[in-house]
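One structure is given here, and the rest of the page talks about it.
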Amino acid sequence: MMKVLGDDLDGVIYFKDKSIYIMDDHSWAFFAWEFERLKGNVNGDSALLHFDNHLDDVPDRIDVNGLKDAQTKEDLISLIASKEERRSADYSGKISIDNFIWPSFVRGTLGSMYIISPHKQESLVNWLLAEEEYEGARKDDFFQYIPKEKIEKVKRVYTFDEFDLGEFNQLAQNNSKILNIDLDYFNESDDLFEPSLMRDNKVKGILEQLMNACKWDLITVAISPLYCGGEPEARHLLQLFIESAGISMEEGVSVKV
């Protein structure tokens, strides 16, 4: 259990007035999107702005058993690997920290995505939409779960400076808009043990621009202490987010997951 969130929390805290979920583990973003859709607070084919140091576009959980049938909070929780399962490396067949996005496309909650990520890895979408095939890889299997026309509504840039709000709004049309932030974006070091955080004023400037870019129906925030460089760095970035969002942790409600 993350001390960043406090000893009385189970890793996810919800701010109802701001429609914000803060979590130590990014896999719970899937839970938040789907739970808010079950409550009627976001619609199907929502547009996701994914702001993260990593792409998190691993496709290996698009066929999770029970994914399409989940209709309750408990159903959703059962699809996600617990911390204990991840620590024991025994979570095959469950959603985790790098494969939580495509399952929401499968369920129809997401219909488009704009990615802001400096990660050097090529986006899965580039391969899916490329003409060439690779031995042993079957694109048709993927398109059985997610229609190609939705994959064509995925845009990727590498830095916040490249973000085009007009392009995002064009993708979103009149659908719900979800902002998904991983605070590890602000760690500019590739060495997890030697973090290099952006200057505070730059971090807050980007966060404020993101949160004021449009009227968000839902905001999900992952702290990702390991990828921020450690718990002190994660605490610091979390505090900058809290200040930028105009919230206090006392206003949040623990979500028992």
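The values are calculated or read from the model by the stated rules, or taken from the named source; none is laboratory data. The structure presented is a predicted model; accordingly, all values stated were derived computationally and were not measured. FYI the Cβ positions are ideal-geometry reconstructions off the backbone, even for glycines, and counts take in every protein chain you see. To get the accessible areas, we keep the full protein, side chains included, count just its heavy atoms, and leave off ligands, DNA and RNA. Shrake-Rupley method; radii C 1.70, N 1.55, O 1.52, S 1.80 Å.
Taken over the chain, the alpha-carbon convex hull comes to 132 cubic angstrom per residue. Peptides 120-126, 242-248 ranked from most to least packed, by the mean per-residue count of other Cβ atoms within 10 Å: 242-248, 120-126.
Counting only Cα atoms, the size of region 95-158 along its three principal axes is 28, 28, 23 Å, in decreasing order.
Put a plus charge on the Cβ of each Lys and Arg, a minus charge on the Cβ of each Asp and Glu, and nothing anywhere else: the dipole of region 91-198 about its Cα centre is then about 720 debye. Charging the Cβ of each Asp and Glu at -1 and of each Lys and Arg at +1, and nothing else, the dipole of the chain about its Cα centre rounds to 780 debye. For region 146-199, the set of trypsin sites (Lys or Arg not before Pro) satisfying both a DSSP loop assignment and a count of at most 16 other C-beta atoms within 10 Å is given as Arg199. Solvent exposure of the chain amounts to 47 Å² per residue of accessible area, where only protein heavy atoms count and the probe is 1.4 Å. When the Gaussian network model of the chain links Cα atoms closer than 10 Å, the mean-square fluctuations of Val106, Val154, Val64 top out at Val64. Screening the chain for whole DSSP H helices with an alpha carbon extent of at least 18 angstrom along the helix axis and a mean Kyte-Doolittle hydropathy of at least -1.0 yields 231-245.
Along the axis of the charge dipole computed for region 27-85 (Cβ charges of +1 for Lys and Arg, -1 for Asp and Glu, origin at the Cα centre), the listed residues Asn65, Phe35, Ser78 are led at the positive end by Phe35. If you count Lys pairs in region 134-249 whose Cα atoms are under 27 Å apart, skipping same-chain pairs closer than 8 places in sequence, the total is 18.
Carbon and sulfur: what percent of region 141-230's accessible surface (1.4 Å probe)? Accessible surface attributable to carbon and sulfur in region 141-230 totals 43 percent. Given their separation in residues at 0.36 nm each and the Cα-Cα distance between them, Gln239 and Asp60 gain 61.1 nm when the chain is fully extended. From helices alone, the chain scores -8000 deg cm²/dmol at 222 nm; the rule is -39500 (n - 2.57) for each run of n ≥ 4 DSSP H residues, then divide by the residue total. Largest first, the three principal axis extents of the alpha carbons in region 22-111 are 36, 30, 24 Å in whole numbers. Relative contact order, whole percent, for the chain stands at 30, derived from Cα pairs under 8 Å and 6 or more residues apart.
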